[in-house]
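The values are calculated or read from the model by the stated rules, or taken from the named source; none is laboratory data. Because the structure is predicted, anything quoted here is derived from the model rather than measured. Glycine gets a Cβ as well: all are built from the backbone with ideal geometry, and neighbour counts include every protein chain shown.
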Amino acid sequence: MKKSLLTGIMLCLAMMPATAQRKSQQVEPVLPTPTAKQVEWQKMETYAFIHFGLNTFNDKEWGYGNSDVKTFNPKKLDCEQWAKTLAAAGMKGVIITAKHHDGFCLWPTHTTDYCIRNTPYKNGEGDIVGELSKACKKYGLKFGVYLSPWDRNQTSYGSEYYVGYYQRQLKELLSNYGDVFEVWFDGANGGDGWYGGAQEKRTIDRRNYYQFPKLYQIVDSLQPQATIFGDGGPGCRWVGNESGFAGETCWSMIPSNTVYPGYPNYKQLQYGWEDGDQWTPAECDVSIRPGWFYHESEDSKVKTVDELCDLYYRSVGHNATFLLNFPVDKDGLIHPIDSANAVNFHKKIQQELAVNVLKGITPKVDNSQGKHTGKYITDNQYDTYWASNKRKGASIEFRLPKAKEISRLMLQEYIPLGQRVKAFSVYYLQGKNWVKLQQKEETTTIGYKRILRFDKIKTNGLRIVFDDARGCPCINNVAAFEAQKEVNNEKIIFLDDFNTTASIPNPKVWKLCDFNKVAWAQHFEYVKGYENVRVEDGYLKLKASKTDGHYKNGGIHTIQGFDKNTRVEVRAKLTKRARGLFPAIWQMPINGKPWPKSGEVDIMEWVQNTPMEFYQTVHTYYINGETGSAGVTNPNRDPNFDVTQFHVYAAERKEDAVIFYVDGKETFRYNNQNLAKEKMQFPFCDLKFDIILNCSLGGTLNGQPTWPGEIHDEDLPAEMWVDWVKVIKCK
């Protein structure tokens, strides 16, 4: 008995130092701290908004609440096209405007007749919220909902009844469409509206009318994993602008019970509050176009790749998330220009952050708390971190095996223990001296992620000094990225990728080629509508055939023309080398002078009766005279070139030259000799040029053989397939 008691006492004494040591290794949090779901939400970094509804079909941003539901009729709507596009653009989720301020609902709600159930879409059987939820599951996207509290359609808006009505709508959305990652409560509330015909202005108490605590309870009970967006959270906050950026100083905290819809000091939301007692990080919302809803007049105003990249660094790189809006068009699709710019933005960010020169290097740190040593800064594990034991002056130092050129630096705090860093400095080794890195922005907060951009430096050493902090710094990642060659940041002004459920090209963009008594157009005479033109499997397919005893061509041209200093790119192939076939990709001036005085640009022509694979040609009066047909041309004689495989054919019309390309390589150039205007040597910048795509047949014309030669019926039908057509503004 005595021996057992003595043994127990000795064990207790032996354990005490170990317990004390474990306690000393625990890093105390600096309050407030995020919930686990807030951390997972911030890890998403980039996700999408979809604005779509009656506003889309009535050219409005804020519908008054009285637009006719019969106007809502997207003919080609494809939520899988949305999801596939957003996934390719690096988006991790999507939030849909299930109901905007006009009160129109994109799901067949039981609360109102002002919904998709009474539209022509799918004869009233559609459910766009449900269709998008399914598409998100297929393409690995998280799904979120926006439900406007303000409703300009409802007679009861402003009364107690409407509060219950709104709660019922919220319950429907959160009960029937699977997991929801974010619920968006818009801060625009109260004002003029239809209100069932009253047509008046109504004012509500923005703080209390909607009974937000009750709404939060509904979300937490039905979708406990969902983050709640509001001007003041509670899950995440508005950033105080709709331009897509957070402040260089950006705290994840705000004061509780302070920020509400209509909060007058909203600009402070860009920066947060260092002394805030509620963890509510910023979300940066912005549209890829000037408007939130689609307007055809904004097709030329889509944000460029460079503009989107800048916003990424000023949102995700400033301790916030990036919510990028895509206004779905009247067909029910994300517009090709929006799609291309978003995908290329994602590719450029990936390239700029591709090569981490600090990977695998354990830094030297001046001090550590217990087991939280410097090796955890670069171990690529989120939940391990280095912890300093002092608030001011702690440092991390990296030495590289050899000097590297870098232009980006990423820092991350371990935010489950709170946001701490108030100011930091970066130095790099220049020879034997440490030189302070010159910054274009202030180096204050870090938070979940801070990314610094700077002119490239070449160095074999980096040092980060934490000048001040709310608590001992806890850093779980530092990465420096090798400067990359400039990515192609082209400005796309036109794009059609034929990725649609429609069977014909968009009649608002393309027009069928007409019959004419010239070699390339003579066989359009007997073509009936779109019989030789179709869209299928994501390709435009133009057919040359013989049916009903007649030869027939397939061809279309753009309705709009394109100015000088543009490059036309077309990815296309032939299905076979048919004798007598005459396919072409080319440009002609709109409202030009008699041919060839205003010029002609042949981006690709192919004929079987020559040993060449294809031609690229320009025609002008200076070259051709009144009737000549032999322009300045570049015949491709490469025996390994195969026109039955996809290639990208391109031509630039610039002020000094017309330049031709194949698969990105320059093949031919026709220079501007700056001759007198009347000589018509270079008319290519005088007018807008359209784009013509045709798969024609030759044969004879007026009893004479044409250039493509004799048609062999046994080779028909033959087709030209076009993957996409793109027009880019030249630098």
Could you grab me the full set of residues in the range 668-704 that are over 24 Å from residue 576 (Cβ atoms), over 38 Å from the mean Cα position of the chain (by Cα) and among the hydrophobic types (A, V, I, L, M, F, W, C)?
675, 676, 680, 682
Cβ pairs under 8 Å, 6+ apart or interchain, first in the range 188-200 and farther than 27 Å from residue 242 by Cα, second aliphatic (A, V, I, L, M) and at pLDDT 95 or above, ordered by first then second residue, are none
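Can you confirm whether residue 599 is farther than 17 Å from residue 707 by Cα, in contact with a His (Cβ under 7 Å, 6 or more places away or on another chain) and of a type outside the set (A, V, I, L, M, F, W, C)?
Here the answer is yes, as residue 599 does meet what is asked.
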Filter the range 589-603 down to the residues that are farther than 28 Å from residue 716 by Cα and outside any loop (DSSP other than H, G, I, E, B) and list them by number.
589, 600
Going through the range 234-278 in order, the residues found to be among the hydrophobic types (A, V, I, L, M, F, W, C), over 21 Å from residue 423 (Cβ atoms) and outside any loop (DSSP other than H, G, I, E, B) are 236, 238, 269
Could you tell me which residue of the range 684-709 is nearest to residue 586 (Cα to Cα), considering only residues that are surrounded by fewer than 22 Cβ atoms within 10 Å (Cβ to Cβ) and modelled with pLDDT of 90 or more?
692
If I filter the range 186-206 for residues that are among the polar types (S, T, N, Q) and either closer than 25 Å to residue 32 by Cα or surrounded by fewer than 15 Cβ atoms within 10 Å (Cβ to Cβ) (or both), do I get at least one hit?
yes
Determine if the range 161-171 includes at least one residue that is of a type in the set (Phe, Trp, Tyr), touching a residue at least 40 places away in the same chain (Cβ under 8 Å) and in contact with a Lys or Arg (Cβ under 8 Å, 6 or more places away or on another chain).
no
Pairs needed: first member in the range 577-597, within 16 Å of residue 681 (Cα to Cα); second member anywhere, hydrophobic (A, V, I, L, M, F, W, C) and surrounded by 17 or more Cβ atoms within 10 Å (Cβ to Cβ); C-beta distance under 7 Å; at least 6 residues apart or different chains.
588/689; 588/692; 589/687; 589/689; 592/687; 597/680
Restricting attention to the range 384-420, which residues are under 26 Å from residue 254 (Cβ atoms) and either among the basic types (Lys, Arg) or assigned to a loop (DSSP other than H, G, I, E, B) (or both)?
385, 391, 392, 414, 418, 419, 420
Would you please name the residue that is modelled with the lowest pLDDT, looking only at residues in the range 603-622 that are over 22 Å from residue 567 (Cβ atoms) and among the hydrophobic types (A, V, I, L, M, F, W, C)?
612
Looking only at the range 304-328, how many residues end up being buried (at least 21 other Cβ atoms within 10 Å of the Cβ) and in a loop (DSSP other than H, G, I, E, B)?
4
Could you look through the range 279-291, keep only residues that are part of a loop (DSSP other than H, G, I, E, B) and either out of contact with any helix residue (DSSP H, G or I) (no Cβ under 8 Å at 6 or more places or on another chain) or free of Cβ contacts under 8 Å to residues at least 40 places away in the same chain (or both), and pick out the one that is surrounded by the fewest Cβ atoms within 10 Å (Cβ to Cβ)?
290
Contacts under 6 angstrom Cβ, first residue in the range 531-554 being assigned to a loop (DSSP other than H, G, I, E, B), partner among the basic types (Lys, Arg), 6 or more apart
532/543; 532/552
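Take residue 644 and tell me if it is surrounded by fewer than 17 Cβ atoms within 10 Å (Cβ to Cβ) and either outside any loop (DSSP other than H, G, I, E, B) or at pLDDT below 90 (or both). Step through it out loud before you land on a result.
Working: surrounded by fewer than 17 Cβ atoms within 10 Å (Cβ to Cβ): yes; either outside any loop (DSSP other than H, G, I, E, B) or at pLDDT below 90 (or both): no.
In short, no.
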What's the number of the only condition in (1) surrounded by fewer than 17 Cβ atoms within 10 Å (Cβ to Cβ); (2) under 20 Å from residue 44 (Cβ atoms) that residue 301 fails to meet?
(2)
Do we have residue 492 as among the hydrophobic types (A, V, I, L, M, F, W, C), crowded, with 20+ Cβ neighbours inside 10 Å and farther than 30 Å from residue 692 by Cβ here?
no
Is it true that residue 571 is surrounded by 15 or more Cβ atoms within 10 Å (Cβ to Cβ), of a type outside the set (Asp, Glu) and farther than 26 Å from residue 81 by Cα?
no
